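We did not get these values from a lab; they are worked out from the coordinates using the rules stated. None of these values were measured; they are calculated from a predicted model. Cβ placement follows ideal geometry from the backbone for every residue including glycine, while neighbour counts extend to all protein chains displayed.
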Amino acid sequence: MDTGCWLFGGQFEDSVFEERRERRSGPPASYCAKLCEPQWFYEETESSDDVEVLTLKKFKGDLAYRRQEYQKALQEYSSISEKLSPTNFAMKRDVQEGQARCLAHLGRHMEALEIAANLENKATNTDHLTTVLYLQLAIFSSLQNLEKTIFCLQKLISLHPFNPWNWGKLAEAYLNLEPALSAAFASSQKQHSFTSSDKTIKSSFPHAGKDCLLSFPETLPESSLFPVEANSSNSQKNEKAITDIQNCMAEKRETVLIETQLKACASFIRTRLLLQFTQPQQTSFALERNLRTQQEIEDKMKGFSFKEDTLLLIAEVMGEDIPEKIKDEVHPEVKCVGSVALTALVTASAEEFEDKWFRKIKDHFCPFENQFHTEIQILA
């Protein structure tokens, strides 16, 4: 046959004409898994593979960290970091995270935050960013910085809105914020300075700011302020002015505390809703943890003293975006995007997050503010 008649791709592979291998009779050879003794990586090795040597050192660092020997673990991680190839990005990120966690445990939080910031700048996918946010969360929790802790949780929720555990942590953080708010109000009330010229009250609270969770208005309503005169003949007016200001501050304090309880309650309800939706997909210890957490939330909800219709409204709002079936976020989809796009995935401020998730609830109670205030009794 003329070779010109052959179509491209029409030839047969030589393997088609080869004879088949004879199958061995009898059962197949059993598979023998390699068994490693405990702490096998402490044994002397003569390997010339640099990556293998560094991997063994990392295992030693991980074990030291597990044993809470943070200085020893830090030394192991640091020695690895110096010898790692610049192209071994995966191990470099793991080692730097280990260094940051050790530094946080050793009280060197600023150094830990610098490493975390560097990792955040070099993140290229949502998995990287999630890891960095959990690292920052651990550092700020160690510092007992509630504002930063809450903001880290809010950013994590922006990435993974259907993760119930982060919502639960956020609810707990809001509850822990209440004593700090009360202390801040007490301090702010004592340290205000009054002037008769501008009728303003200037707070000396150090964390005041637009996006600060513990900030309060620097200027009170004009109706509540009176010029404070130095003349002794006007002492009664001065006392009345101070009393009015204190009353106004007390009202503001109550409003902020109620809003904080509202956000904590809404976060707990969101947690419970997500746990209920994932419950049919779980078994064994995962299901036990789910049910136990739901019961813990139920017990904590009793401390809010919200009315039943209030709780139903919050549940409706916090469950609006939950589909009928949601996947368990054990292995969420990893999005590989640039650093700019990653930044856009997380909330830019606490104010933006709370406006998205809690605005509808707060707006509902706005016309009935006085009635809403009587629902919860907060000790001044």
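Note down the relative contact order for the stretch 46-160 as a percent, whole number, built from C-alpha pairs under 8 angstrom at least six residues apart.
In percent, rounded to a whole number, it is 17.
Going by how many other Cβ atoms sit within 10 Å of their own, how do 31, 134, 42 line up, fewest first?
31, 42, 134
Where does the charge balance sit around residue 137 when Lys and Arg score +1, Asp and Glu -1, over other residues with C-beta under 15 Å from its C-beta?
Residues near residue 137 contribute 0 overall.
How far apart, in nanometres, would the label points at residue 281 and residue 143 be if each is projected 7 angstrom from Cα along the Cα-to-Cβ direction?
If labels sit at residue 281 and residue 143, their model points lie 3.5 nm apart.
Only counting other Cβ atoms within 10 Å, I'd like 314, 297 sorted with the fewest neighbours first.
By the 10 Å Cβ count, ascending, the order reads 297, 314.
What order do you get for 279-292, 255-268 when each peptide is scored by the mean count of other beta carbon atoms within 10 Å, highest first?
255-268, 279-292
Which pairs break 24 Å Cα to Cα here: 155/302; 169/252; 302/356; 34/58; 252/307?
Distance filter (> 24 Å) returns 155/302; 169/252; 302/356.
State, to one decimal in nm, how far the label point of residue 296 lies from the label point of residue 93, with both points 7 Å from Cα in the Cβ direction.
Each label point lies 7 Å from its Cα, and together they span 2.9 nm.
Any idea what log10 I(q)/I(0) is at q = 0.12, 0.18 Å⁻¹ for the stretch 263-322, Debye with uniform C-alpha scatterers and no solvent?
So the normalised log intensities work out to -0.30, -0.63.
Using R₀ = 45 Å, calculate the FRET efficiency as 1/(1 + (r/R₀)^6) where r is the Cβ-Cβ separation of residue 311 and residue 125; round to 0.05.
Plugging the Cβ-Cβ distance into 1/(1 + (r/R0)^6) gives 0.75.
By count of other Cβ within 10 Å, fewest leading, how are 132, 95, 317 ordered?
The most exposed by this proxy come first: 317, 95, 132.
Evaluated at 10 °C with a viscosity of 1.306 mPa s, what Stokes-Einstein diffusion coefficient in µm²/s does the stretch 68-114 have when Rh comes from the Kirkwood expression over alpha-carbon pairs?
My calculation gives 148 µm²/s for D.
Treating the Cα atoms of the stretch 87-151 as identical point scatterers in vacuum, please give the log10 of the normalised Debye intensity I(q)/I(0) at q = 0.17, 0.23, 0.28 Å⁻¹, two decimals.
-0.53, -0.93, -1.26
Which value in nm describes the separation of the simple spin-label points at residue 289 and residue 322, placed 7 Å from the Cα toward the beta carbon?
Each label point lies 7 Å from its Cα, and together they span 1.8 nm.
Determine by what factor the alpha-carbon radius of gyration of the stretch 46-160 differs from 2.2 N^0.38 Å, reporting the quotient.
1.10
Output the peptides 148-156, 52-60 sorted from most to least packed, where packing is the average of other Cβ atoms within 10 Å over each peptide's residues.
Going by the mean number of other Cβ atoms within 10 Å, highest first, we get 148-156, 52-60.
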